[in-house]
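See structure below.
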Amino acid sequence: MQDSGRLDHLGRLEDLPQDYRDDLTKLNLVPLWPSLRAALPAGIPTRNTRPIHWPYATLRPVLMKAGDLTPMEKAERRVLVLANPGHGLENMKVSPAMYLGMQLLLPGECAPSHRHTPNAVRMVVEGDGAYTIVDGEKCPMNRGDLILTPTGLWHEHQHTGDQAVVWLDVLDLPIIYYAETSYGIEGQSQEVKVGRGDQIYARGGMLPTPVFARSGKAYPMLRYPWVAARASLLALAEDQPGLEAVQITYVNPETGQDVQNNLGFYALMLRPNQTLCLPVRSPACVFHVIEGNVEAVIEQNTFTLAEADTCCAPGYTGVTLRNRLADQPSFVFLADESPLHRKLGVFEHRG
Ligand code: GTQ
């Protein structure tokens, strides 16, 4: 964190006698003043998160190659991590709190049951016939579906279809790991129980209210089908022709709060030819195109995002999205660190 090269009235580390510096080091002590400006940068945080674009056309072939090279027994989770070089590839972060991975499951394969402290979601990218069993609930995986595997819940992935299935994993692993709270437990394959949250919470505004007992589940809805999210966006756009940001937030239907503790998830529709300027906010953000073709301008970068492409933006940065299609809407899945920033009391919206 040291930044002793600044032109400042603050003393530098080199200004101190070497024997004094050596004494401090032996005592596990560090002078604050040479590092004060680095710890508290003026007006805006230092961000290591770089805007990066992962085109699916380049990612897919190397993911399929992983399918040839590494059998499931050797992988447990066959994932290529979308790592931001600004954080060091080996740290497997796309941003300070977000991890992204593209996971491949081939026909007949299964990824064994486990549970862990980090929260995960899956955004299904391609293929049919796979499902994830989460806490005993069987969740079919179709393109665009969002499936939760919240902290502590058992989950395993199975595939009975005949083509490769690919999905994007979004985890809060970096922040859970940083807090020295990341661990996992391996388990036995789960028994599928009756009950599907995506069925009983299928209509917004109408809550199942059994008279004698509430479900009491912290995560009552685990699967958010794309057909429902897409229909909500189209209905919103049609109902409110003047609305600029046609966006939904994935929420817990019992509480109305974000679906998970640290990361927020959203789906956005861009009308034909629409340009949308997203305001400057503190959290980093990930964009994944579910349908359509979108130009994203992030700092000095202009990314052309085709279907299934993914990119990221650092926090405190405005992002401009433009639908490149003149005759059809484009649909984008977003993940960000807003819930975490709100809990930390540092959420900011500038302008
Ligand atoms: O599918 O359970 O990308 O445990 C990273 C860790 C996926 C998973 C990841 C995991 C999983």
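Things worth noting here:
- Flag for Glu291 being touching a residue at least 40 places away in the same chain (Cβ under 8 Å), under 21 Å from Ser330 (Cβ atoms) and charged (D, E, K, R): yes
- Test: residue in the stretch 246-253 that is over 15 Å from Glu337 (Cβ atoms) and in contact with a Ser or Thr (Cβ under 7 Å, 6 or more places away or on another chain): yes
- If only residues of the stretch 125-136 that are in contact with a Leu (Cβ under 8 Å, 6 or more places away or on another chain) and surrounded by 24 or more Cβ atoms within 10 Å (Cβ to Cβ) are counted, the one that is nearest to Ala164 (Cα to Cα) is Ala130.
- Boolean, Gly86 is touching a Ser or Thr at 6+ places or on another chain (Cβ under 6 Å) and surrounded by 15 or more Cβ atoms within 10 Å (Cβ to Cβ): yes
- Checked against the criterion of being under 25 Å from Met98 (Cβ atoms) and either among the aromatic types (Phe, Trp, Tyr) or surrounded by 10 or more Cβ atoms within 10 Å (Cβ to Cβ) (or both), the stretch 17-38 has at least one qualifying residue.
- Any strands (runs of 3 or more DSSP E) falling wholly within the stretch 89-200 and containing at least 1 residues that are in contact (Cβ under 8 Å) with a residue 60 or more places away in the chain, under 20 Å from the mean Cα position of the chain (by Cα) and closer than 21 Å to Pro253 by Cα: 120-126, 130-134, 137-141, 146-149, 165-171
- When Gly144 is tested against (1) surrounded by fewer than 18 Cβ atoms within 10 Å (Cβ to Cβ); (2) of a type in the set (Gly, Ala, Ser); (3) under 23 Å from Ala83 (Cα atoms), just one condition goes unmet, and that condition is (1).
- Test: residue in the stretch 102-109 that is open to solvent by less than 20 Å² (accessible area, probe 1.4 Å) and more than 10 Å from the ligand (Cβ to nearest atom): yes
- Lone qualifier among Gly216, Gly184, Gly204 - being at positive phi and either of a type outside the set (Ser, Thr, Tyr) or open to solvent by 40 Å² or more (accessible area, probe 1.4 Å) (or both): Gly216
- The set of residues in the stretch 52-74 being within 16 Å of the ligand (Cβ to nearest atom) and touching a residue at least 24 places away in the same chain (Cβ under 8 Å) consists of Trp54, Leu59, Leu63, Ala66, Gly67, Met72.
- Within the stretch 78-88, if we keep just the residues that are touching a residue at least 60 places away in the same chain (Cβ under 8 Å) and assigned to a loop (DSSP other than H, G, I, E, B), the residue that is nearest to the ligand (Cβ to nearest atom) turns out to be Leu82.
The values are calculated or read from the model by the stated rules, or taken from the named source; none is laboratory data. Here the structure is a predicted model, which is why all the values come from computation and not from measurement. Glycine also receives a Cβ, built like all others from the backbone with ideal geometry; neighbour counts cover every protein chain displayed. Calculation scope for accessible area: heavy atoms of the full protein, side chains included, ligands and nucleic acids excluded. Shrake-Rupley method; radii C 1.70, N 1.55, O 1.52, S 1.80 Å.
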